[in-house]
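Structure record follows, encoded as structure tokens.
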Amino acid sequence: MEENLNEERTEENTKTQKVLELNGRKFILVGTAHVSEKSVEEVTASIETEKPDCVAVELDEKRRESMEDSESWRKMDIIKVLKEKMGFLMFANIILSSYQKRMGLKTNVKPGDEMLAAMKKAKEMNIPLEMVDRPIAVTLRRAWAKNSLWGKCKLLSVLISSAFSKEEVSSEQIESLKKENEMDSMMSDISGFLPTVKSVLIDERDRYLASHIWECKGNNVLAVLGAGHLPGVQKYMEEIARGEKQTDCSDISEVPPRSLGSKILGWLIPVLIVALIVSGFVFGGLEAGKKMLGSWILWNGVLAAVGAIISLAHPVTILISFIGAPITSLCPFIGIGIVAGIIQALIRKPLVSDMEQLSEDAGSLKGWYKNRILRVLLVFLLSSLGSSLGTFISGAGLLVSVTAFFDKIVDFVKSIFIH
């Protein structure tokens, strides 16, 4: 009986572990599901058995500190997050964390417990630790920055749908996430629906992880990482060993700078809007100009305020959204969402209980309205969306209005060139 169990365990480990002998060094890649009890046991057992020279973990230093410091939530400053333009990153991170935590309820395992187990066991055995993942902020920013407008909309829809998903996940389904065929199917789905996101979240991180695992000191390195990364990391490490790839990841370690075209566009739209309104006064007269200006203010202000109302924001926040949206829409440096979110946070200051219940509350619509931190993020997101929609609608309306006195504008331009 015991012999059969050992054979079964050995067969299972071959699916969740990759042992690579490369250039005289040994690399053991332990693939895990982040809310799997078996993964916690396997990671601990693998470190005890292998006694590696170094343990590499799929975390960055900031996430490591957060996981090891149970009081880290007390240090969060939502106003600082918004000022640093990290609102969307926090929104995405909370949703992803909440989703993983709900999955772990079935197994009584918290997301990342296998990583904590690896770090604990390495410390017990006095084995050096290395954090080999890319900072989460860089990853999320790259995923957002590299997406098209349509891609951003699809990404938002996926995040929002996962936030309120009530899908039950069994322990067996969680364990199946470690099987290559299951992971291949998931990666194929992501690649088809969100190819840019898949490229940033999976492909780039495969390369980053492989490069940093390779650079770990010692001839026997054990790396703990999500099972979905095993094939990609193995492939890249083998290419490094053959001299086909380098370990320099500087090109994927930063948020790509905005292109000159996008910078110009960021200023072009406000300048065009102002030019259209001014042309209304010049060529259409006072009434036409006032009508166009009023249209711009109303569409922007009203839709931003509607977003704040849907968020059940404080009346002062709603008023600020209405007044501020037409102004901030003409400034590429700040959006109304940041202003409205900060005002909401100042008026309805988050409580300690809001921080404690953050991931739990993020799993339900009621929780997003009850929790003051999540309410701030709702205000930020929905007022921003309202103002953006108002910009497109009012901008189109202004163009239509200008056509009414198009002949006057043409005559004016001709007169400039003639004289």
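Whether any residue in the stretch 94-102 is open to solvent by 60 Å² or more (accessible area, probe 1.4 Å), of a type outside the set (D, E) and modelled with pLDDT of 85 or more is what I want to check. Lay out the reasoning, then the answer.
Quick first cut of the stretch 94-102, residues open to solvent by 60 Å² or more (accessible area, probe 1.4 Å) only: 96, 99-102.
If we keep only those that are of a type outside the set (D, E) as well, we get 96, 99-102.
Now narrow it down to the ones that are modelled with pLDDT of 85 or more: none.
No - not one qualifying residue is present in the stretch 94-102.
Between F333, F405, F380, F322, which is assigned to a helix (DSSP H, G or I), aromatic (F, W, Y) and without any contact (Cβ under 8 Å) to a residue 24 or more places away in the chain? Lay out the reasoning, then the answer.
Working: F333 fails: assigned to a helix (DSSP H, G or I); F405 fails: without any contact (Cβ under 8 Å) to a residue 24 or more places away in the chain; F380 fails: without any contact (Cβ under 8 Å) to a residue 24 or more places away in the chain.
From the options F333, F405, F380, F322, the qualifying one is F322.
Suppose we filter N13, N23, N4 for residues that are over 29 Å from the mean Cα position of the chain (by Cα), of a type in the set (S, T, N, Q) and modelled with pLDDT of 75 or more; which single one remains? First the steps, then the outcome.
Working: N13 fails: modelled with pLDDT of 75 or more; N4 fails: modelled with pLDDT of 75 or more.
Residue meeting the stated conditions: N23.
State yes or no: is L303 part of a helix (DSSP H, G or I), at pLDDT 90 or above, closer than 30 Å to K370 by Cβ and open to solvent by 30 Å² or more (accessible area, probe 1.4 Å)? Steps first, answer last, please.
Details: part of a helix (DSSP H, G or I): yes; at pLDDT 90 or above: yes; closer than 30 Å to K370 by Cβ: yes; open to solvent by 30 Å² or more (accessible area, probe 1.4 Å): yes.
Spelling it out, L303 is indeed part of a helix (DSSP H, G or I), at pLDDT 90 or above, closer than 30 Å to K370 by Cβ and open to solvent by 30 Å² or more (accessible area, probe 1.4 Å).
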Test set (1) in contact with a Pro (Cβ under 8 Å, 6 or more places away or on another chain); (2) open to solvent by less than 40 Å² (accessible area, probe 1.4 Å) - W267 fails condition number
(2)
Does the stretch 236-252 include one or more residues that are in contact (Cβ under 8 Å) with a residue 40 or more places away in the chain, under 23 Å from the mean Cα position of the chain (by Cα) and either surrounded by fewer than 14 Cβ atoms within 10 Å (Cβ to Cβ) or over 17 Å from A56 (Cβ atoms) (or both)?
yes
Out of all the residues in the stretch 338-361, which are under 28 Å from G324 (Cα atoms) and under 18 Å from the mean Cα position of the chain (by Cα)?
I338
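The values are calculated or read from the model by the stated rules, or taken from the named source; none is laboratory data. Please read all numbers here as calculations on a predicted model, not as lab measurements. Neighbour counts are summed over all protein chains in view; Cβ atoms, including those assigned to glycine, are modelled from backbone coordinates with ideal geometry. Note: areas computed on protein heavy atoms with side chains; ligands, DNA, RNA excluded. Shrake-Rupley method; radii C 1.70, N 1.55, O 1.52, S 1.80 Å.
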